[in-house]
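These notes concern the structure reproduced below.
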Amino acid sequence: MKRELLVGLSAVVLGLIAGAFFMALTGNNPLEGYRYLFAGGLMNLERVGNTLAMATPLMLTGLSVAFAFRTGLFNIGAAGQALIGGLVATSIGLTLGLPKAVLLPLVLAAAAAGGALWAWLPGLLKARFNVHEVVSTIMMNWIAYWVTYYTIPAFFKGSFETESRLVPEAASLKAAWLTQMFAGSYINLGLFVSLIAVLVVSVILSRTVLGYRLKAVGYNRFAAEYAGIHVNRHIVASMAISGALAGLGGATLYVGYASSMQIGILPAIGFDGIAVALLASNSPLGVVGSAVFFGILQSGKGFMNAMTKIPPEIGDTIIATIIYFAATSVLIERWFAHLSKSSKQRLPGGVK
Amino acid sequence: VFDIVVHIFPYAIAFTIPLLVTALGGLFSERSGVVNIGLDGLMIVGSFASAATTVALYPSLGPGAVWVGLAAAVAAGALFSLLHAFASINLNANQVISGTAINMIAGALTVFIARTLTGSGNIQIKQGVPRVDIPFLADVPVLGPLFFQKTYATTWIVLGLLLLMWFVLNKTTFGLRLRACGEHPHAADAAGVNVQGIRYLAVVISGALAGLGGAVILVTYSGEFNGNVAGLGFLALAALIFGQWKPLGILGACFFFGFAATLANASQAEPALKVVPDLILKVFPYVITLVALVLLSKKSQAPRAAGEPFEAGKR
């Protein structure tokens, strides 16, 4: 655990160094850039609230990807699942005129169900026909993209052709007391949804029979089958749970952080979720930390762009670079191994 | 009806060609055993490199700048793919994660640089590749208007590449070795093939072709770099699978997808095409790929070792 933390932190540091390099390359002062980047994410109560609001969907998509990873599946389709979750949430929020106490739980449940459905199919294809989930979830991403692209203008067109109407207050995760507490920021009840989800997933994975079986299937599906676990059923369940989390993430993005849906874009929280999960080495609690870190980058980049000439895309560049360093963490691990080898004598039959 | 077909056919071909060259790139990488889902990012890099180069050279070279731009796209794609090759071949990293990182870095970094260059993050080129009628063939009835009138030079380059790649893959020693690396790298290794070297080359070829694919979009129908290629890299991946990892299968799949996408776009202008809802046409490539995966799951032609790192000592 400690080693994973060290590797994760190294990936972050290397990503930040790469970011500094790109800032310097384009003739900007990296120190000044980072000062405004972090100030933009943390300077006052409002900005902290915005950072948390930005981190909320990332926690859920990160959790979605991490959960799938822990059970041996690569859910690269969190973007599509979040989009469908958001679409379902928006549709229900704009259609049903119910009091908030009824409507909001319904919206969240429907978003989770939508995301679960979108991941259930790849799970089924994997279990029954051995279709690799990476390929099928990528296809599902683009199906979600086009479904949203044509549904929003056809049924929920707002003031622009490419936007939905604003969801009513009763279907929104925004709460007046929370907004006031953080001086008018975007923070919303989604934060509690995602923290509860983190706890639930954490308990499922480490304290329940279901979690044990899911992990067993992920480690070795043949061994799990031999031990009497219904492998197919667990693969489908794992994908569906992962999709439900991403769908909830979509709800916190589209009816929490934002109040309308735009078409023609796959939400960045899907792929950023992979980064969040990797950086957290797939631990549910680690997801909270890495989501908040990425939230700072995402919410601070606008302020940095306003104060300096550095383009806001530096935030995404840093996140992407961190994923690359996380993917190549073998290098970092080798380097640490090299360091500890030179400091103390190597054990016979040394560990890899 | 024929009029409409003649009308949209050039668009369908224009849409097919970048898809085709990118999928060919994916073919090389995957047949050698390295999954490359970074194709989309590599296309973006190619599109950016060719836009930046073309704009920079236009004042001195005029219309010729486009060709230098295409060459720059090939080089940039090849260079950028080294990141993927290094991670997945030298470090045995998870190839899907590395490919995802490539996609994200490409999307963010190119816009970052473009914004520094132009202020807006978009780069427009003044002039694409010229459209030419092929002598004699253009006058052939039926086929002439469909295939040989007002064609982009890049279309013929890419079709030439298709032939070349088919030949390299199926008729040369290098192609045989490359396929062996994707099916059974340890057998190839035992036979004295440099598995890592071949895979490096294959990934670099995939980067070069995907870079070209991104540039072809720019110099034919888009004319502007804007930080994405509308997910065409993922569509190329779908074409690769639907074409069952074979050059001619890929050609068929790409044309199929290209035609479907064009129909969807054209139906806004041609009311006669409204019979099929746009949504169906747009999701068609992805749904058909899923169906193909299911139907062919028993006898899939996927390279057996695709996605698996090669460790010489492991059996």
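The values are calculated or read from the model by the stated rules, or taken from the named source; none is laboratory data. What you see is a predicted model, and the numbers here were worked out from it, not measured in a lab. Positions of Cβ are generated from backbone atoms using ideal geometry, with glycine treated the same way; all protein chains shown enter the neighbour counts.
Just checking, does region B:124-133 include any residue being touching a Gly at 6+ places or on another chain (Cβ under 9 Å), farther than 21 Å from B:L251 by Cβ and without any contact (Cβ under 8 Å) to a residue 60 or more places away in the chain?
yes
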> For region A:275-294, what are the residues that are part of a helix (DSSP H, G or I), surrounded by fewer than 24 Cβ atoms within 10 Å (Cβ to Cβ) and small (G, A, S)?
Replying inline: A:G286, A:G289
> For region B:121-135, what are the residues that are modelled with pLDDT of 80 or more and farther than 20 Å from B:G62 by Cβ?
Replying inline: B:N122
>> Take the conditions surrounded by fewer than 24 Cβ atoms within 10 Å (Cβ to Cβ), among the aliphatic types (A, V, I, L, M) and more than 13 Å from the chain's Cα centre (by Cα) and apply them to A:L297. Does it pass?
In response: no
>> Every residue in region B:169-192 that is of a type in the set (A, V, I, L, M) and under 24 Å from B:L83 (Cβ atoms), please.
In response: B:L178
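Could you grab me the full set of residues in region A:128-143 that are in contact with a helix residue (DSSP H, G or I) (Cβ under 6 Å, 6 or more places away or on another chain) and within 9 Å of another protein chain (Cβ to nearest Cβ)?
If the condition is that a residue be in contact with a helix residue (DSSP H, G or I) (Cβ under 6 Å, 6 or more places away or on another chain) and within 9 Å of another protein chain (Cβ to nearest Cβ), then A:F129, A:V131, A:V134, A:S136, A:I138, A:M139, A:M140, A:N141, A:W142, A:I143 are the ones that fit.
Results for (1) surrounded by fewer than 22 Cβ atoms within 10 Å (Cβ to Cβ); (2) among the β-branched types (V, I, T); (3) closer than 27 Å to B:L79 by Cβ; (4) away from every other protein chain (no Cβ under 14 Å), shown as yes or no for each residue.
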| site | (1), (2), (3), (4) |
| --- | --- |
| B:A202 | no, no, yes, yes |
| B:G223 | yes, no, yes, yes |
| B:F242 | no, no, no, no |
| B:K246 | yes, no, no, yes |
| B:I250 | no, yes, yes, yes |
| B:T262 | yes, yes, no, yes |
| B:S267 | yes, no, no, no |
| B:V276 | yes, yes, no, no |
> If you go through region A:307-347 one residue at a time, how many are in a helix (DSSP H, G or I), in contact (Cβ under 8 Å) with a residue 24 or more places away in the chain and among the hydrophobic types (A, V, I, L, M, F, W, C)?
Replying inline: 12
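How many of the residues making up region A:178-193 are in a helix (DSSP H, G or I) and modelled with pLDDT of 90 or more?
Residues meeting the conditions: 4.
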>> For region A:212-230, which positions are surrounded by fewer than 19 Cβ atoms within 10 Å (Cβ to Cβ) and not in a loop (DSSP other than H, G, I, E, B)?
In response: A:Y212, A:K215, A:G218, A:Y219, A:R221, A:F222, A:A223, A:E225, A:Y226
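Every residue, every condition in (1) in contact with a Pro (Cβ under 6 Å, 6 or more places away or on another chain); (2) of a type in the set (A, V, I, L, M); (3) under 14 Å from A:L52 (Cβ atoms), yes or no:
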residue: A:F271; (1), (2), (3): no, no, no
residue: A:A277; (1), (2), (3): no, yes, no
residue: A:S283; (1), (2), (3): no, no, no
residue: A:G289; (1), (2), (3): no, no, yes
residue: A:L297; (1), (2), (3): no, yes, yes
> Looking at A:A109, is it within 14 Å of another protein chain (Cβ to nearest Cβ), out of contact with any strand residue (DSSP E or B) (no Cβ under 7 Å at 6 or more places or on another chain) and buried (at least 17 other Cβ atoms within 10 Å of the Cβ)?
Replying inline: no
> Condition test on B:K171, is it away from every other protein chain (no Cβ under 14 Å), at pLDDT 85 or above and more than 17 Å from B:A215 (Cα to Cα)?
Replying inline: yes
> Taking helices (runs of 4 or more DSSP H) that fall entirely within region A:1-75, which contain at least 2 residues that are touching a residue at least 12 places away in the same chain (Cβ under 8 Å) and under 24 Å from A:A197 (Cα atoms)?
Replying inline: A:2-25, A:45-70
> In region A:305-329, what residues are more than 7 Å from chain B (Cβ to nearest Cβ), within 18 Å of the chain's Cα centre (by Cα) and of a type outside the set (A, V, I, L, M, F, W, C)?
Replying inline: A:G315
>> Please return the ranges of helices (runs of 4 or more DSSP H) entirely within region B:26-144 where 3 or more residues are within 11 Å of chain A (Cβ to nearest Cβ) and surrounded by fewer than 24 Cβ atoms within 10 Å (Cβ to Cβ).
In response: B:95-118
>> I need the full set of residues from region A:63-103 which are closer than 15 Å to A:E169 by Cβ and surrounded by 24 or more Cβ atoms within 10 Å (Cβ to Cβ), in order please.
In response: A:A89, A:T90, A:G93
>> Residues to consider are A:L103, A:L125, A:L87, A:L173; find the one that is in a helix (DSSP H, G or I) and more than 14 Å from every other protein chain (Cβ to nearest Cβ).
In response: A:L103
> Across region A:240-274, what is the total count of residues that are within 14 Å of chain B (Cβ to nearest Cβ) and either in a helix (DSSP H, G or I) or under 23 Å from A:A320 (Cβ atoms) (or both)?
Replying inline: 11
>> Kindly evaluate A:T179 against the criterion of being over 23 Å from A:A291 (Cβ atoms) and surrounded by fewer than 23 Cβ atoms within 10 Å (Cβ to Cβ).
In response: no
